[in-house]
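What follows is a short report on a single structure.
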Amino acid sequence: MLEKADQLFVLLQHWVMGLVPAAWQTATGIVLAVVAIIAVYPTLFALAVLLERKGLGRMQNRYGPNRVGPFGLFQPVADGIKSLTKEDVVPFRADTLVHFLAPLVLVVAVFMGFAVLPMGRNMVLVDMDASLLFVFAMGASTELSVFMAGWSSRNKYSLLGAMRAVAQMISYEVPLLLSSVVIVMMTGSLSLEKMVEAQNHYSYGLPHWYVFTPWGLAGFVMFVIAAMAETNRSPFDLPEGESEIIAGYFTEYSGFKFALFFLGEYVGMFGISGLGVTLFLGGWTAPFAFLTWVPSWIWFFGKVMLWICFFIWVRGTLPRLRQDQLMNFAWKFMLPMTLLNLLVAAMWRFMGEGWLRWAVCTAVVVGAYVLMGRTGMRRGQIGPRSYRYAE
Amino acid sequence: MSIAFVLVSALTIAGGLAAVLLKNLVHCALAVSVAFAGLAFLFLQLDAQFAGFAQILVYIGAVAILVVFAILLTRGAESPKGESVFSRAWQAGLAIAAAVFAVLGWAILQGAAELPANAATPQVTVNDIGHALMSRYVLPLEIVALLLTAALIGAVIVAMHEKERAK
């Protein structure tokens, strides 16, 4: 029974595949899986938007949406209808074709990443050898769509937003990649499936997730920060910075195209959370050995939603960074820390079992963190500043 | 020749042609990235996953962005009106392109003759590439890694100095 619940969606897919002639079975299976992905994530997107508006409302001492349906639960439906029926305004001087293509490129690239994400036991659309590389390749293609949107709008705020977004995404892609490389070093594989398998062991009832090692924890923290920057979430939301450049690269988008950008952003957030969960938090494995009977997909989506809640919490708490702080943080703190983390992971690998490697690796990571934090502070980056153009 | 190959090569060639024939420089850069994507699909079709994804990651994610930044930061994206897209020295360009194509084609044809007539396609996984890089090709790999790290640190240092002077 529990076995069946765990494999519910796989069995369902096989049942439907059994209904069609043998020649069409593979194609039907693929289409079913794709449809499932395209249906599930936008639903989660609607839920996450509601959660975000409610949660932010609570943090700011107000109610949040509470008019549509009980407790405002149907707010996403109303939002959807609104964006579908709104007029689609394209600026007169805009580059029509590029302006039209940008949201499509974004949404396609963002959804592609889910093809290789293991969302439960045996629940992965394409089990490929280089799936981690595939996810990063798809993530890199979204940058171009952001640029296309900003440039084709012929609006200086859009262009500024796009330049900011692209600079930020490129800068934080380096720590994002480098913090994932430690996992590849430890697993010896680029396949996300194998990474989950490698973390699916328990000792004393506790899992062997990579986050519970010194290098894994350091990598995890840097991955979370880089993921926040990569998805343009607050405190890294300078590309959208509503108070200074209105909405950045999608200022000139309205109606359904705006909804597509919104969707792309949230689905990209799910994608990168799913990747982080798979890399550091054991993917679909249970957090305790006695909970392994709970279906694997519940764990995966539960962890992803927890990650999203963390993002919402951070958004409600931290103020926006400034451009120079953003770049300094990426290149002067994140980059050296991730490079050092590679060394720590290599040390861990070659020191053998025992408490010694725990002590040495923890000391190196913590020592480097304290040292770099202190020197960064002493440089006098904190205190009153003068602005050349704003006085 | 499968349908997929025809479609992908048509896409790649169209992207390449658009990149040289369009007037707006940003359009050209976007067309070049279409051609890059087509090349990546060709690699994937040949079961070369690593090359295909690296192509997307490096060329679309970094090189295309770099080109676009360079265009926007240097001069206007629009080329002056009424000017032909062909440069005045197009004959020389054509000759050079034909020469390069001839050399590449000759090399490939020579290589094809060396192969046995119906050799099995080798199954190269990413794992094999990793092992080869870490054992047989470790020296070139280290040299490249050193060069890239030096470039990375150098770029950070160059950026740092500029900032201090501006203060």
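The values are calculated or read from the model by the stated rules, or taken from the named source; none is laboratory data. Given the structure is predicted, the values throughout are model-derived calculations rather than measurements. Here the Cβ is made from the backbone with ideal geometry for all residues, glycine too, and neighbour counts use every protein chain on show.
Worth pointing out:
- Checked against (1) at pLDDT 80 or above; (2) within 14 Å of another protein chain (Cβ to nearest Cβ), residue B:5 passes all but a single condition, namely (2).
- Residue within region A:28-37 that is small (Gly, Ala, Ser) and closer than 25 Å to residue A:257 by Cα present: yes
- Residues being within 27 Å of residue A:181 (Cβ to Cβ), of a type in the set (A, V, I, L, M), in contact with an Asp or Glu (Cβ under 9 Å, 6 or more places away or on another chain) and modelled with pLDDT of 85 or more are entirely absent from region A:355-368.
- Residues satisfying the stated conditions in region A:185-194, i.e. within 9 Å of chain B (Cβ to nearest Cβ) and either assigned to a helix (DSSP H, G or I) or surrounded by fewer than 20 Cβ atoms within 10 Å (Cβ to Cβ) (or both): A:188
- Enumeration of residues in region A:148-163 that are out of contact with any Leu (no Cβ under 9 Å at 6 or more places or on another chain) and either at the interface with another protein chain (Cβ under 10 Å from one of its Cβ atoms) or not in a helix (DSSP H, G or I) (or both): A:154, A:155, A:162
- Scanning region A:255-297 for residues that are assigned to a helix (DSSP H, G or I), surrounded by fewer than 18 Cβ atoms within 10 Å (Cβ to Cβ) and not aliphatic (A, V, I, L, M) returns A:255, A:256, A:262, A:290.
- Considered as a group, the residues in region B:109-132 that are β-branched (Val, Ile, Thr) and surrounded by 10 or more Cβ atoms within 10 Å (Cβ to Cβ) include one that is modelled with the highest pLDDT, and that residue is B:129.
- Within region A:1-120, helices (runs of 4 or more DSSP H) holding 3 or more residues that are small (Gly, Ala, Ser) and surrounded by 16 or more Cβ atoms within 10 Å (Cβ to Cβ): A:25-59
- Close pairs (7 angstrom Cβ cut-off, 6 or more residues apart or separate chains): under 14 Å from residue A:47 (Cα atoms) in region A:62-79, polar (S, T, N, Q) and assigned to a loop (DSSP other than H, G, I, E, B) anywhere: A:72/A:66
- Candidate set: region A:320-359, residues that are among the basic types (Lys, Arg) and over 24 Å from residue A:375 (Cα atoms); chosen: the one nearest to the other protein chains (Cβ to nearest Cβ): A:349
- Subset of region B:128-142 (residues that are part of a helix (DSSP H, G or I) and without any contact (Cβ under 8 Å) to a residue 40 or more places away in the chain): B:128, B:130, B:131, B:132, B:133, B:134, B:135, B:138, B:139, B:140, B:141, B:142
- Screening the candidates A:321, A:326, A:339 for the property of being within 18 Å of residue A:172 (Cα to Cα), modelled with pLDDT of 85 or more and either surrounded by 15 or more Cβ atoms within 10 Å (Cβ to Cβ) or acidic (Asp, Glu) (or both) yields one hit, A:339.
- Those residues of region A:199-213 which are surrounded by fewer than 18 Cβ atoms within 10 Å (Cβ to Cβ) and over 18 Å from residue A:361 (Cβ atoms), in sequence order: A:201, A:202, A:203, A:204, A:205, A:206
- A Cβ distance below 7 Å, combined with a sequence gap of six or more or placement on separate chains, defines the contacts here; from region A:165-179, residues that are without any contact (Cβ under 8 Å) to a residue 40 or more places away in the chain and within 12 Å of another protein chain (Cβ to nearest Cβ) reach residues that are in a helix (DSSP H, G or I) and β-branched (Val, Ile, Thr) in the pairs A:166/A:146; A:166/B:65; A:170/B:65.
- Qualifying positions in region B:8-50 - assigned to a loop (DSSP other than H, G, I, E, B) and either within 22 Å of residue A:140 (Cβ to Cβ) or at pLDDT 90 or above (or both): B:46, B:47, B:48
- Residues located in region B:143-167, provided they are at pLDDT below 70 and part of a helix (DSSP H, G or I): B:160, B:161, B:162, B:163, B:164, B:165, B:166
- Qualifying positions in region A:306-318 - part of a helix (DSSP H, G or I) and surrounded by fewer than 17 Cβ atoms within 10 Å (Cβ to Cβ): A:306, A:309, A:310, A:313, A:314, A:316, A:317
- Selected residue [at pLDDT below 85, out of contact with any strand residue (DSSP E or B) (no Cβ under 9 Å at 6 or more places or on another chain) and surrounded by fewer than 24 Cβ atoms within 10 Å (Cβ to Cβ)] from A:133, A:159: A:159
- Yes/no for residue A:274 being within 21 Å of residue A:8 (Cα to Cα) and not hydrophobic (A, V, I, L, M, F, W, C): yes
- Flag if residue A:100 is out of contact with any strand residue (DSSP E or B) (no Cβ under 7 Å at 6 or more places or on another chain), under 29 Å from residue B:44 (Cβ atoms) and away from every other protein chain (no Cβ under 14 Å): no
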